[in-house]
Amino acid sequence: MDRTGGSQGAMQRPVAIDNNRANWRAWALIPVLAGSGFAGLGYEIVWTRMLSLALGTEMMAVLGVVAGFFGGLALGAFVLDRPIRRAHSPRAAYALLEAVIGAWGAISVFVLPAAGRALPPLLGTHPAPALLWAAGFALPALVLLPATIAMGGTLAALDRMMVLAGGNPRVTAGVYGGNTAGAVAGTLAAAFVLLPAFGLSGSLLTLAALNFICALAALAFGPPGKSLPQAPDRQRMLGTRPGEARLAATLFATGLLGVGFEVIVVRLAAQVLQDTIYTFAGLLAAYLLGTAAGGIAWQFAGPRIRAASATWLLASTSFACLAAAWLTPSIAHIADAAATWGIAGELAVAMALLLLPSAAIGALFSHLAQSVRDRNGSPGWAVGVNSLGAAIAPAAASLILIPAFGAWAALLPVGLGYLALVPWRRSAIAWGTVPALLGIFLVLHPAPSLVRVPEGGALIAMREGPMATASVVDDASGARYLEVNGHFRMGGTSSMRSDYRQAMVPLLLHAAPHTALFLGVGTGATLVGGAQMPGVNVHGVELSPEVAALLPRFADPNAGLAPPVTVADARRYVAADNRQYDMVIADLYHPALDGSGALYTTEHFAAIRNILAPDGIFCQWLPLYQLDLPSLRTIVRSFLAVYPQGSAWLNHYSVATPMLALIGARGPLVIDPAALAVRLTQPASARVLAPVGLAHPIDLLGQFVAGPKSLAAFAGDAPLNTDDFPAVALDARRNVRALDAPRAALLLTLIGAVHPDASEILAGGAIAEWAPRLNAYWQARDRFLQAGASLHGAPRGMALVDAASPGLLDTVKLSPEFDPAYQPLLSMARMLAADDRAASARLLHQIDAAAPSRPEARDMITELGLP
């Protein structure tokens, strides 16, 4: 008996040891599968940014990278599944795949920028939309193919290793969930940690190092070989047995619908969130977190739940997607409530929209993938078929569903599509009834608008496209505005005078401009302002076809024919253009908006320099009310790196929307006041310039803020904004917070830190005459801006007169020529005369004492009969 017992113990002891080793290896592989997912989605974030520089728009890059990612995954899953299943050492196969991914990740540091430089000249300045979209999908697919093919085989290899390590063949959902959980971390880490710390190239090299670490860890901790009894090779094309055709079709359709849902929600979220680099990362992380949770939950689900899963999973996913569509009209209010939380608030909005639907999508794929593994011995074909559908989804959602139905209504065919996949037996009716009723309700319900219309206003027109929603809104006063994605105001009728000056101020700095290129059109007012300048031929470039379609809503009937506008990305257009221009004027770009930071890089500034004529001038307008100090210093330093003789100029003296123009040329800017005076008095010029306050040389010269020396001191050692280190885009969180700061805060900081020097802009013979006048004028200007900032938002009427007049009088004392202060004082005195003649007389005498060289105050005293 003892012998028998001893004999049994001796036989069982090695089995226990092997089980312990297996469990240990299974746990050791969890960081490997998480690290693999971490690197994969980290690459997606970085590659999207790099390819956006080539493709020209952030949304097109997102769609192209997603399609290319899944296309490569599908190809890799199909091609590599059989070799992985037959490999004597799955850990060696997996290590090889990770090594390939890491190697191509490192190589892409050089390949992607090269592709970005090569593509624009090949496409030209006016590519057909079909060609542009084809390039947008083809370029990512081709340049990422070696890595994505290898990625397509990693899930099958990981699944095989986990089966060998743990002895349990039903681990597919857990492997998928764990890998996707790592992807969540990779998405957030890439955007919030790697890019700010290392830039694009450094991030790619870091992720490549992680791939090699995963490869080495798999070799060290993975099971050594086929330690379990092997089933015969059963890999076949799905659909060759009864029921498998439906399984393959369901896998394909769920890939198409799942990624289509993600693309549409990302497009909708741009209308209520800040749409920064961190917004996309947060949305992607929320989607992946849901799919990871769904996969892991399915791994631990009981066998009874698994047995009846397909029907209720499809119905539940349908309901979750339709519920997200029902919730979408409320996300603007959710976003407003969460705005004070910053990025955490955006993540909360992303979770509200995506978490439950993506969890259902993750559980559904886990079930289908496990079904394929149970039949074929590997989940590879499940990954391939599902990824094939996912690869088609970006094009289907952006080019078919959104244009056909609108961004919100495009969610309905996605949700109902899941319902259509339910095998309709009697037992399915209970599960399908609720989502069917919700779908009918939403189809019959009018499509909601995410455009925010002010009280008493009206939505005049709206255009929805793959990349943006543009709308024309009238407020209660009748002022008309252009808005993009519901909350980015791009100008309107109330700012026409300022918009005209955005063209006229820089054009006057050129002695004789004939050709001008405008990058960014908005309402078209700046372009029209340039076209009104005598002898100037203008051409506009506008990124959004939706914005271009609404230009007639802002047309000036007295301005003649509308100037020509090309729908194109500014970076790509400039890189492809081989013409030369006397003037290039770049519009105000919201620095926090994803993609806008690339328009402030040294590479883009250099590309613009290449299309300037020998005496050409480049003007980059900056919205000081949307910038923080570090970003402004970075942009200024980046500009001076390309235009060492650069200078800074104001557009106007408004403290509500202060704007700064950075002016660059191939050499120093030299202005002859006498020649400028002749030009301003010519009838054709005076007719368009005088109404916008540009009648005398000092009206233009008074806008000068700083020359190259003062600007360089202001910029200091701020980081350069480059394609490889997009400092402005990465500063988006602070630029968003800057929107809540006093609008004149950055302007006042700037004028307090720089000192204009007349010798930096005037011809030598004019310095002696003009320097004293300009120094006084600039001091008056700065005092005027300080006074205006202190009064911004103050009540109107008589209270404003009492508050404003001391600051304006101080301004006029510094420079009687400063009309922006002198003329308002006269208007205040005339207004006072109606109610308080003594007060009006006092003010006029104060004006006359402050500026005795000007007769207007004395003339008004006589005119009004005041003492």
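The values are calculated or read from the model by the stated rules, or taken from the named source; none is laboratory data. Because the structure is a prediction, the values reported are computed rather than measured. As a convention, Cβ positions derive from the backbone with ideal geometry for all residues, glycine included, and neighbour counts pool all protein chains shown. To get the accessible areas, we keep the full protein, side chains included, count just its heavy atoms, and leave off ligands, DNA and RNA. Shrake-Rupley method; radii C 1.70, N 1.55, O 1.52, S 1.80 Å.
Each residue in the stretch 580-613 was checked for being at pLDDT 95 or above, over 18 Å from L53 (Cα atoms) and either aromatic (F, W, Y) or out of contact with any helix residue (DSSP H, G or I) (no Cβ under 7 Å at 6 or more places or on another chain) (or both), and 5 pass. Tell me which residues, restricted to the stretch 251-297, are surrounded by 24 or more Cβ atoms within 10 Å (Cβ to Cβ), more than 29 Å from the chain's Cα centre (by Cα) and over 24 Å from A39 (Cβ atoms). Across the stretch 251-297, the qualifying residue is only L251. Close Cβ contacts (under 9 Å, 6 or more residues apart or on different chains) running from residues in the stretch 767-781 that are within 17 Å of A677 (Cβ to Cβ) to residues that are assigned to a helix (DSSP H, G or I) and of a type in the set (S, T, N, Q) comprise I767/S759; A771/S759.
Checking the structure you have, find out if any residue of the stretch 817-835 is farther than 30 Å from N775 by Cβ and among the acidic types (D, E). Checking the stretch 817-835: at least one residue is farther than 30 Å from N775 by Cβ and among the acidic types (D, E).
In the stretch 510-548, the qualifying residues are those that are open to solvent by 10 Å² or more (accessible area, probe 1.4 Å) and in a helix (DSSP H, G or I), and the one that is farthest from I608 (Cα to Cα) is E546. Contact annotation: residue pairs with Cβ atoms under 9 Å, 6 or more positions apart or on different chains, pairing a residue in the stretch 709-725 that is assigned to a loop (DSSP other than H, G, I, E, B) with a partner that is surrounded by fewer than 18 Cβ atoms within 10 Å (Cβ to Cβ) and at pLDDT below 95, are A718/P630; P719/P630.
Screening the stretch 258-377 for helices (runs of 4 or more DSSP H) wholly inside it with 3 or more residues that are among the hydroxyl-bearing types (S, T, Y), in contact (Cβ under 8 Å) with a residue 60 or more places away in the chain and touching a helix residue (DSSP H, G or I) at 6+ places or on another chain (Cβ under 9 Å) returns the ranges 277-299, 309-327, 343-376.
Does the stretch 389-402 include one or more residues that are touching a residue at least 60 places away in the same chain (Cβ under 8 Å), part of a loop (DSSP other than H, G, I, E, B) and more than 22 Å from the chain's Cα centre (by Cα)? Looking through the stretch 389-402, none of the residues is touching a residue at least 60 places away in the same chain (Cβ under 8 Å), part of a loop (DSSP other than H, G, I, E, B) and more than 22 Å from the chain's Cα centre (by Cα). Looking across the stretch 64-92, the residues that are open to solvent by 20 Å² or more (accessible area, probe 1.4 Å), of a type in the set (G, A, S) and in a helix (DSSP H, G or I) come down to G71, A92.
If you go through the stretch 489-507 and keep only what is more than 15 Å from Y581 (Cα to Cα) and part of a helix (DSSP H, G or I), you end up with T493, S494, S495, M496, R497, S498, D499, Y500, R501, Q502, M504, V505.
I want to confirm something. Restricting to the stretch 629-654 and keeping residues that are assigned to a loop (DSSP other than H, G, I, E, B) and open to solvent by 20 Å² or more (accessible area, probe 1.4 Å), which single residue is farthest from R497 (Cα to Cα)? Taking the candidates together, the pick is P644. Any residue at all in the stretch 451-471 that's surrounded by 16 or more Cβ atoms within 10 Å (Cβ to Cβ) and either touching a Phe, Trp or Tyr at 6+ places or on another chain (Cβ under 8 Å) or farther than 26 Å from P545 by Cβ (or both)? No, that holds for no residue. One residue stands out among those in the stretch 366-401 that are among the β-branched types (V, I, T) and surrounded by fewer than 24 Cβ atoms within 10 Å (Cβ to Cβ): the one that is farthest from P545 (Cα to Cα), which is I392. Among residues of the stretch 492-520 that are at negative phi, those with a Cβ under 6 angstrom from a residue that is of a type in the set (D, E) and not in a loop (DSSP other than H, G, I, E, B), sequence gap 6+ or separate chain, pair up as H510/D582; P513/D582; H514/D582; T515/D582.
Each residue in the stretch 560-582 was checked for being in a loop (DSSP other than H, G, I, E, B), surrounded by 15 or more Cβ atoms within 10 Å (Cβ to Cβ) and either in contact with a Ser or Thr (Cβ under 7 Å, 6 or more places away or on another chain) or of a type in the set (G, A, S) (or both), and 4 pass.
Comparison of A684, A713 shows that the only residue that is open to solvent by 10 Å² or more (accessible area, probe 1.4 Å) and within 19 Å of D757 (Cα to Cα) is A713.
Looking across the stretch 324-363, the residues that are open to solvent by less than 30 Å² (accessible area, probe 1.4 Å) and either at positive phi or modelled with pLDDT under 80 (or both) come down to A332, A335, A338. Scanning for something buried (at least 24 other Cβ atoms within 10 Å of the Cβ), modelled with pLDDT under 90 and not in a helix (DSSP H, G or I), does the stretch 200-222 turn up at least one residue? Among the residues of the stretch 200-222, at least one is buried (at least 24 other Cβ atoms within 10 Å of the Cβ), modelled with pLDDT under 90 and not in a helix (DSSP H, G or I), which makes the answer yes.
Of the residues making up the stretch 549-559, just one is part of a loop (DSSP other than H, G, I, E, B) and either under 23 Å from M60 (Cβ atoms) or at pLDDT 95 or above (or both), namely L550. The residues of the stretch 743-777 that are exposed (fewer than 14 other Cβ atoms within 10 Å of the Cβ) and under 28 Å from G716 (Cβ atoms), listed by number, are G752, S759.
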